Amino acid sequence: MSSGLTIGEFAQLTHLSVRTLRRYHESGLLEPASVAPDSGYRYYTSDQIPTAQVIHRLRDLDVPLTDVAKILATEDAAERADLVGEHLRRLEAELDRTRAAVASLRNLLHPDDGGLQVELRPVAARTVAGVEDVVGHEEVVSWYDEAMAALDAAVAGLPALGPPGGCYANELFTRGRGTAMVYRPVADPPTRGRVRPVDLPAAELAVVVHPGPHDDIDVTYGRLGAWVVEHALAVDGPVHEVYLVSPRDTPDPAAWRTEIGWPVFRLTPTPG
């Protein structure tokens, strides 16, 4: 009399290999319905097929075995959905990063500057409401979000004199740590919490607009740098960014526009 489905039969029905089923048994993830005491043969029931299929789908999504075990052990449907949803969100974020990296790599391998539109622009000195700190390169994104939130709260209700921007010291890129400052041009910049009036000196900027997501903004930086070198200019001071359209304005990355400005001066030709 049959004791159930053999491990081979169960493997055929679930598309999980015999080796995988043995590993799941050893880890306690999917134990056979019974194990013959004399031979050690594993037997499964048809009722275990849906569980095996769930495991198969979760592993196809690279859910770790420990997380699969948590999902299977959770009887509450809402909690189980939350566990799966959390992993799916991580996968989506990784997929977004992969797509951005692929797009950036294609741009690098097949550059299409469209005749890089660089403008040499004099900028007058002005006083803005700013937040300034020394930060590490890997901290910039989280620091930016917090600093801009502080700025938004501090200047609420004040007349805006232009889009927000930022200034980033060269050391932030060359040494991995340096001064970062984000600002909002407003009338009568206040002193409130982290926010202070900041004097921006006059500068001559080589300016270009980076369209779209920020994942490949380094490509635009590189092309602007090449343009600066080709036109016998030298970088002089921290890089400027102006957030014409930012994630704070729209969640659509295709609509984002970031103006990059490098303070420059013209090199003196070497005699001969």
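The values are calculated or read from the model by the stated rules, or taken from the named source; none is laboratory data. Please read all numbers here as calculations on a predicted model, not as lab measurements. Don't worry about glycine lacking a Cβ; one is built from the backbone with ideal geometry, like all the others, and counts go over all protein chains shown.
Go over the candidates D152, D133 one by one and state the one that is of a type in the set (D, E), surrounded by 12 or more Cβ atoms within 10 Å (Cβ to Cβ) and part of a strand (DSSP E or B). Step through it out loud before you land on a result.
Working: D152 fails: part of a strand (DSSP E or B).
The match here is D133.
Can you name the residue in the stretch 240-272 that is modelled with pLDDT under 90 and among the aliphatic types (A, V, I, L, M) and is also surrounded by the most Cβ atoms within 10 Å (Cβ to Cβ) among such residues?
V264
Would you mention how many residues in the stretch 64-93 are of a type outside the set (D, E) and closer than 16 Å to G28 by Cα? Give the steps one after another, and end with the answer.
Looking only at the stretch 64-93, we keep the residues that are of a type outside the set (D, E), and these are 64-66, 68-74, 77-78, 80-81, 83-85, 87-91, 93.
Then keep just the ones that are closer than 16 Å to G28 by Cα; that gives 64-66, 68-74.
The number of residues fulfilling the criteria is 10.
Mind listing just one residue for me: the one in the stretch 26-44 that is polar (S, T, N, Q) and either under 15 Å from T14 (Cα atoms) or not in a loop (DSSP other than H, G, I, E, B) (or both) and, of those, modelled with the lowest pLDDT? Before you say what the answer is, go through the steps one by one.
Initial filter on the stretch 26-44 (polar (S, T, N, Q)): 27, 34, 39.
Then drop every residue that is not either under 15 Å from T14 (Cα atoms) or not in a loop (DSSP other than H, G, I, E, B) (or both), which leaves 27, 34.
Numbers: S27: 87, S34: 92.
The qualifying residue modelled with the lowest pLDDT is S27.
Would you mind stating whether D218 is acidic (D, E), assigned to a helix (DSSP H, G or I) and either in contact with a helix residue (DSSP H, G or I) (Cβ under 9 Å, 6 or more places away or on another chain) or buried (at least 16 other Cβ atoms within 10 Å of the Cβ) (or both)? Show your work before the answer.
Details: acidic (D, E): yes; assigned to a helix (DSSP H, G or I): yes; either in contact with a helix residue (DSSP H, G or I) (Cβ under 9 Å, 6 or more places away or on another chain) or buried (at least 16 other Cβ atoms within 10 Å of the Cβ) (or both): yes.
For D218, the condition - acidic (D, E), assigned to a helix (DSSP H, G or I) and either in contact with a helix residue (DSSP H, G or I) (Cβ under 9 Å, 6 or more places away or on another chain) or buried (at least 16 other Cβ atoms within 10 Å of the Cβ) (or both) - is met.
Only residues that are under 20 Å from L151 (Cβ atoms) and either in contact with a Gly (Cβ under 9 Å, 6 or more places away or on another chain) or not acidic (D, E) (or both): list them for the stretch 126-141, please.
Applying the first criterion (under 20 Å from L151 (Cβ atoms)) to the stretch 126-141 yields 126-135, 139-141.
Selection gives R126, T127, V128, A129, G130, V131, V134, V135, V140, V141.
Just give me the residues in the stretch 174-206 being buried (at least 18 other Cβ atoms within 10 Å of the Cβ), touching a residue at least 60 places away in the same chain (Cβ under 8 Å) and among the aliphatic types (A, V, I, L, M), in sequence order.
Result: V195, L200, A203, L205, A206.
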